Amino acid sequence: MRRPLIGRVWPPVTACVLFVVFAFPVYWMFATAFKANKDIVGDTPVWFPASPTFEHFDKAVAADGFWTFVGNSLTVTLVAVGLSLVIALLASFAIARMRFKGRKGFVLVMMMAQMAPWEVMTIAYYMIVRDADMLNSLPPLIAIYTVMVLPFTVLTLRGYVAAVPKELEESAMVDGCTRLQAFRKVIFPLLAPGVMATSLFGFITVWNEFPMVLILNKDPGAQTLPLWITGFRTTFGDDWGATMAASSLFAVPILVLFVILQRKAVGGLTSGAVKG
């Protein structure tokens, strides 16, 4: 029996509506970045920039400390995501393959850490970093961001490791591999979608994080791009053109990374969600 017309129409219509709702702010950000100032502050909305200008992008790139902020963001993000992946790969393998006392409790703690809002820990983190005399430096940020993304990374990769048949690992060990060699040569190559998914999530989380760096690093030389975006203010108010240009530049790396990793990332998330 054919489904009623409404049953065949409403899913794509709903998808289109949701796409417009979520995509329009992104479009408006990019469009505003290319508009002239008179079109931005005018009473009548300008939906499409008639004469695109790169003036706002020039102003954003020429802002004080731009490349310092870019370097700090890339350093913190790449190191934190890399550390979390190394730790999570070993931890997820242990949880999925080994049976040890406290295993279920460890998984429960990881789930609780994933659900807890990190904002409630900002005061504790600040006091620890202050007492260690490490304010206004990048290493504390890297350590905190690594801990931030670690629970999700472990839980997702655990499911993906559990989906790999044990027989593959056992066959490699029969052929003379150690357990670590079997993991590196047999299991790890099969984890690419899961690694892609967790890497993308970790990159987005750390790249966008704002409150922690705002509290810990007051020195502009140790700040990241989210704080840089807040600096486009003049004596006359917010410079919306430069702010939107800065936001567009900030969003481009994530959009490019998502486009490149989209298929494998989605596959990794779904596989890790239903296995183990």
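Looking at G82, G65, which one is under 30 Å from V186 (Cα atoms) and open to solvent by less than 90 Å² (accessible area, probe 1.4 Å)?
Going through G82, G65 in turn, the sole match is G82.
Working carefully through the options G194, G231, G176, find the one that is part of a helix (DSSP H, G or I) and among the small types (G, A, S).
G194 is the lone residue from the list that is part of a helix (DSSP H, G or I) and among the small types (G, A, S).
Checking M148 against (1) under 22 Å from the mean Cα position of the chain (by Cα); (2) in a loop (DSSP other than H, G, I, E, B), only one condition comes out false. Which one?
Here M148 clears every test but (2).
Can N72 be described as in contact (Cβ under 8 Å) with a residue 24 or more places away in the chain and exposed (fewer than 15 other Cβ atoms within 10 Å of the Cβ)?
no
What is the residue count in the range 231-255 for residues that are among the aromatic types (F, W, Y) and at pLDDT 90 or above? Spell out the reasoning first.
Initially, the range 231-255 is screened for residues among the aromatic types (F, W, Y), giving 232, 236, 240, 250.
Filter once more, keeping what is at pLDDT 90 or above: 250.
Here the count works out to 1.
The values are calculated or read from the model by the stated rules, or taken from the named source; none is laboratory data. Predicted model, so just to flag it, every value in this text is computed and none were measured. All Cβ positions, glycine included, derive from the backbone under ideal geometry; neighbour counts span all protein chains shown. We work out accessible area using only protein heavy atoms, side chains counted, and drop any ligands, DNA or RNA first. Shrake-Rupley method; radii C 1.70, N 1.55, O 1.52, S 1.80 Å.
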